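Below is one structure; the comments refer to it alone.
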Amino acid sequence: REKDDKYKTWMPKFLMAKEDKDQRKSSDDAERNIFKVKKSNAEKSKKMEKEEKIFRETFMYDKEINVINTATAECSVPSKRRVDLPLTAGEQLDVIDVTEGNAVICRNSEGRYGYVLVEHLNFR
C-alpha cells in the first residue's frame with residue numbers, strides 16, 4: 001500500500017496536461033521579465049542620482065528639487081553651453097525652477113538638467 005500511495009501522488013504531477021505546462025511556462029517568463037524591468041529601473045535611478053549630483057554641483061543648487069510645471073519643447077535646439085539643456089521637438093520636460101530673465105531650469109526624461117529658454121517651451 002505504501003508503494004501505491006507514492007505512485008498516486010507522483011503520477012498526476014508527471015502526467016500534466018499540455019495546457020497546464022504552457023501556462024506554467026508563460027508565468028515563468030513573466031516573472032523573469034519583471035526581474036529584468038527591476039534591474040533596468042535600478043540602473044536608471046542610479047543614473048538619475050548621478051545627473052542630480054552633477055546638476056547640484058554645476059548650478060550650485062541647494063534647494064529641494066520640486067516640479068513646478070510640465071512643458072513640451074516646441075522645436076529642437078542644440079545646447080550651446082554646458083549648462084543648457086538640448087531639446088528635441090515634442091519632448092516632455094519638468095520645470096524645476098524659474099530664473100531671472102527668460103530661462104527656466106528643466107529636467108528631461110533622461111534625468112538631465114539645464115537652462116531652457118521660455119520661448120522654446122509650450123506650457124499646458
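The values are calculated or read from the model by the stated rules, or taken from the named source; none is laboratory data. None of the values given here were measured: they were computed from a predicted structure. A quick note on method: Cβ atoms are made from the backbone with ideal geometry, for glycine too, and the neighbour counts reach across all protein chains shown. Quick note on the areas: whole protein, heavy atoms, side chains included, nothing else; ligands and nucleic acids left out. Shrake-Rupley method; radii C 1.70, N 1.55, O 1.52, S 1.80 Å.
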Report summary line: Given the conditions (1) closer than 22 Å to N41 by Cα; (2) part of a loop (DSSP other than H, G, I, E, B), every one holds for I54 apart from (2)
Report task. Can you work out which of the residues in the stretch 98-107 that are surrounded by 17 or more Cβ atoms within 10 Å (Cβ to Cβ) and out of contact with any Ser or Thr (no Cβ under 9 Å at 6 or more places or on another chain) is farthest from K46 (Cα to Cα)? Result -> A103
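Conditions (1) among the charged types (D, E, K, R); (2) without any contact (Cβ under 8 Å) to a residue 60 or more places away in the chain; (3) assigned to a strand (DSSP E or B), marked per residue:
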position: C75; (1), (2), (3): no, yes, no
position: R82; (1), (2), (3): yes, yes, no
position: A89; (1), (2), (3): no, yes, no
position: D94; (1), (2), (3): yes, yes, yes
position: D97; (1), (2), (3): yes, yes, yes
position: E100; (1), (2), (3): yes, yes, no
position: C106; (1), (2), (3): no, yes, yes
**Report entry** Of all residues in the stretch 36-67 being of a type in the set (S, T, N, Q) and open to solvent by 70 Å² or more (accessible area, probe 1.4 Å), the one that is modelled with the highest pLDDT
**Finding:** N66
Query raised in the report: Can you pull out the residues in the stretch 68-90 that are open to solvent by less than 70 Å² (accessible area, probe 1.4 Å) and either within 17 Å of F123 (Cβ to Cβ) or of a type in the set (D, E) (or both)?
Result: N69, T70, A71, T72, A73, C75, V77, D84, L85, L87, A89, G90
Query raised in the report: Hey, among the residues in the stretch 108-124 that are part of a loop (DSSP other than H, G, I, E, B) and of a type in the set (S, T, N, Q), which one's most open to solvent (accessible area, probe 1.4 Å)?
Result: S109
